[in-house]
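Just so it is clear, none of the values below were taken in a lab; they were calculated from the coordinates. Fair warning: this is a prediction, and the values are worked out from it, not measured in the lab. Note that we place each Cβ from the backbone using ideal geometry, even for glycine, and neighbour counts take in every protein chain shown.
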Amino acid sequence: MSRTYENISKPYEYVHEPPLVKGDHDFKSITALVTDINLRPTPRGWYMAFGVANLLLFLLLFSIAYLIWQGTGIWGLNTPVNWGWAIINFVWWVGIGHAGTLISAILFLFRQDWRTAINRFAEAMTIFAVMCAGVFPAIHVGRIWVIYWVFPIPNQMGVWPNFNSPLLWDVFAVSTYFTVSLLFWYVGLVPDLATIRDRIKSRIGKVLYGTFSLGWRGSNRHWWTYEKAYMILAGLATPLVLSVHTIVSFDFAVSVIPGWHTTIFPPYFVAGAIFSGFAMVLSLMIICRKVYKLEDIMTVDHMEKMNMILLVTGMMVGFAYAMEFFMAWYSGVEYEKAIFMLRAAGPYAWAYWIMISCNVLSPQVFWVKRFRRNIALTFVISIIVNIGMWFERFVITVSSLSTDFLPSSWGYYSPTMWDIMTYIGTFGLFFTFFLLFLRFLPMVAVAELKNVMPQADPHNYDDSGEYVPPKADVPEPKREPV
Amino acid sequence: METSNTDRKLYGVLAEAGNPKELLNIAMTVKNSGYRIYDTYSPFPIHGMDQAMNLKKSKLGWIVLGHGLTGFFGALSLIYFTMAVDYPLNIGGKTLLNFPAWIPVTFELTILLSAFGAVFGMFFLNGLPRLNHPLFSIDNFSRATDDGFFICIESEDPQFEKEKVKKLFADAGVSNIEEVYDD
């Protein structure tokens, strides 16, 4: 009897979590590894990157200035497609932001300690991505000088914004999301700003870091409330991030356009957002860990875990694409069926198949462990995924509008150079802020990282106060005969 | 700086522990010796220190709850006032009390106000910002944000006696015992 059992159950083996920080580091060397980047003189390469980012930022400002001067007619919008690149870029950027909150809040609640290596970084990405996203709805209104009408401010017309409109929900969702992400990021930064305050030599640096660290002194009574606040913020940011992309999807789903009016949109959009955001974190992380020599902190193990998330969310997105087709057929609505046939075989089929190959097919390589741990391949896939996710929004927005109910009004949409320049310009906005962040703020949450090192746990010290590293091998548990 | 130590007000006595475990032990010793007004300082929160120092549950949750409820009812009343009272829009004879459509904004404002409560409530409870502090006059203390672990018994404590505290620290084997002055 016991022999049969032995054959079907393999011997139990304890699989270790790899250590989160590689190499032989103590607290001091971790502090130095991260904050020396901020204390060293600015490297020449940074200036070069910053200059390029500034040029692109200038392109954005120029495109916006001309847009305000001339009006939205400079874009490729025309009946029937009156929603083009602006909404695509908005959804794309805001989706990218979602990974930062997922890493900082949801993985925190799930006690995924590996998040500490990348959360600061990803949260910064969130904030700047949401800024880029916010540009588009703000400038597409046409008369930007009355943009404050979206807020419920008493005005001389005696009119209020319409709280039944998904576009107004979006205003509240995105501005709340930006504010809460910024607060969350800042709370995490305070102890690390204090670390820089205590290490920096320059007078102006002491004043600035001293002011923004608010006089943090590492008091345990402070940590006690701080950790509570951090936990509450994570608990608040988790439903918030899900709600934001849900509301973004409502911009489409609450309308009656075929291909948009579906209940799958909220979960489908959230999965897509996390998918593209993780890809963006990977692209940025792979460059930064190399340039700033942070390979001990942002390890290949982190990359592997993130690639697993890419695979999972990629499959979720793929499932949503399939379900859309199924529901269109199952609903029996002619227009729904027609729009999905047109997506796959109509005038925008090229975009549809780019989307499918980038989002569904390309992450499949991550079934193989060797590929998940391959840095160059991960970098390439992470770029491909973000291209694919841009095309997903393109397909959703443009194909449904260009071929809707009335074939006589069908039309083909093409962007103008102003659409393209504005989009490219937002990269300038993003990278200008991101480079400033890399230069002046600690890009890894130092205090949190120390907290997940084995040296931080008092249990890893013996009675005489000597550090005893946790045992590498846990003995195999004795198996009872059945 | 020229004034002698006898003229200055003593803030407390500071000592440094070698590692988290030592700090945990000395905190327990200090608590068991009956001191109440003291604090430990570390670059990161230490597991088990809250029990060792016998800290009471933070009131932050109540602050956040208060803010959250304000956001919730504030949003509902704002929408009710604008959509149903001040400028009612008759859209195809549909009801003015369109609650399902009000959920998103109500939810967002609840979260927004709660987050304000959590962040600013935390800073308020911690007495921050406070840019200057007697401890910052100790050079060695700058390591509290790097790799230093400190404990300070403050002179406000009813049973505080400078020499006794120093002896307690010396007996417990912690190093760098220093007097901290309020100036």
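Charge dipole of the protein assembly as shown (Cα centre as origin; +1 on each Lys and Arg Cβ, -1 on each Asp and Glu Cβ, all else neutral): 800 debye, rounded to the nearest 20.
Among A:370, A:115, B:130, what is the fewest-to-most ranking by other Cβ atoms within 10 Å? Walk me through the numbers on the way to the answer.
On the way: A:370 8, A:115 24, B:130 12.
Ascending Cβ contact count within 10 Å gives the list A:370, B:130, A:115.
Per residue of A:163-174, count partner chain C-beta atoms within 10 Å of its C-beta, then hand back the mean as an integer. Present the calculation step by step, with values, prior to reporting the outcome.
Values: counts 13, 11, 1, 2, 0, 3, 7, 2, 2, 9, 5, 1.
So the per-residue partner count for this stretch is 5.
Quick check: from the Cα gyration tensor, does the protein assembly as shown come out rounded (a/c under 1.5), prolate or oblate?
Details: a/c = 2.00, a/b = 1.58, b/c = 1.26.
Prolate shape, in that a/c is at least 1.5 and a/b is the bigger ratio.
Positive-end ranking of B:54, A:181, B:32 along the dipole of the protein assembly as shown, with charges on Cβ about the Cα centre, is headed by A:181.
Run the dipole for segment A:263-388 about the Cα centre, Lys and Arg Cβ at +1, Asp and Glu Cβ at -1, nothing else charged, and hand back the magnitude in debye, nearest 20.
Working: 10 positive and 7 negative charges, 90 e Å.
Roughly 440 debye, rounded to the nearest 20.
Across the options B:121, A:66, A:21, the greatest Cα extent toward the positive end of the charge dipole of the protein assembly as shown (unit charges at beta carbon of Lys, Arg, Asp, Glu) belongs to A:66. Shielding by partners for peptide B:122-134, expressed as the average number of C-beta atoms from other protein chains within 10 Å of each residue's C-beta, is 6. Peptide A:462-469 has a mean shielding of 2, counted as Cβ atoms of other protein chains within 10 Å of each residue's Cβ. By the count of other C-beta atoms within 10 Å, a proxy for reagent exposure, A:426, A:225, A:72, A:101 are ordered fewest to most as A:72, A:225, A:426, A:101.
Per DSSP H run of at least 4 residues, take -39500 (n - 2.57); add these up for the protein assembly as shown, divide by its residues and hand me the 222 nm value, nearest 500 deg cm²/dmol.
Per the formula, -19000 deg cm²/dmol.
Once you order the gyration tensor axes a ≥ b ≥ c over the Cα atoms, which shape class does segment A:340-447 get: rounded for a/c under 1.5, otherwise prolate or oblate by comparing a/b with b/c? Note, shape of segment A:340-447 comes out oblate.
Using C-alpha pairs below 8 Å separated by at least 6 residues, the relative contact order for chain A is 30 percent.
Using a/c under 1.5 as the rounded threshold, could you call segment B:56-183 rounded, prolate or oblate? The axes a ≥ b ≥ c are square roots of the C-alpha gyration tensor eigenvalues, and prolate needs a/b larger than b/c, oblate otherwise. Verdict is prolate for segment B:56-183. Net charge dipole, segment B:1-83: roughly 360 debye, given to the nearest 20, about the Cα centre with Cβ charges of +1 for Lys and Arg and -1 for Asp and Glu. Summary of packing: across the peptides A:451-461, B:169-179, A:136-146, the per-residue average of other C-beta atoms within 10 Å ranks them, highest first, as A:451-461, B:169-179, A:136-146. Have a look at A:408, A:371, A:452 and report the one farthest towards the positive end of the charge dipole of segment A:360-482, computed about the Cα centre with Cβ charges (Lys/Arg +1, Asp/Glu -1). In segment A:360-482, that residue is A:408. Note on segment A:318-367: percent of Cα-Cα distances in each 10 Å bin, starting at 0 and stopping at the bin with the largest distance, equals 25, 48, 23, 5.
Could the peptides A:24-31, A:377-384 be put in order, highest first, of the mean number of other beta-carbon atoms found within 10 Å of their residues? Working shown, then result.
On the way: A:24-31: 17.4, A:377-384: 19.8.
Packing order, densest peptide first, comes out as A:377-384, A:24-31.
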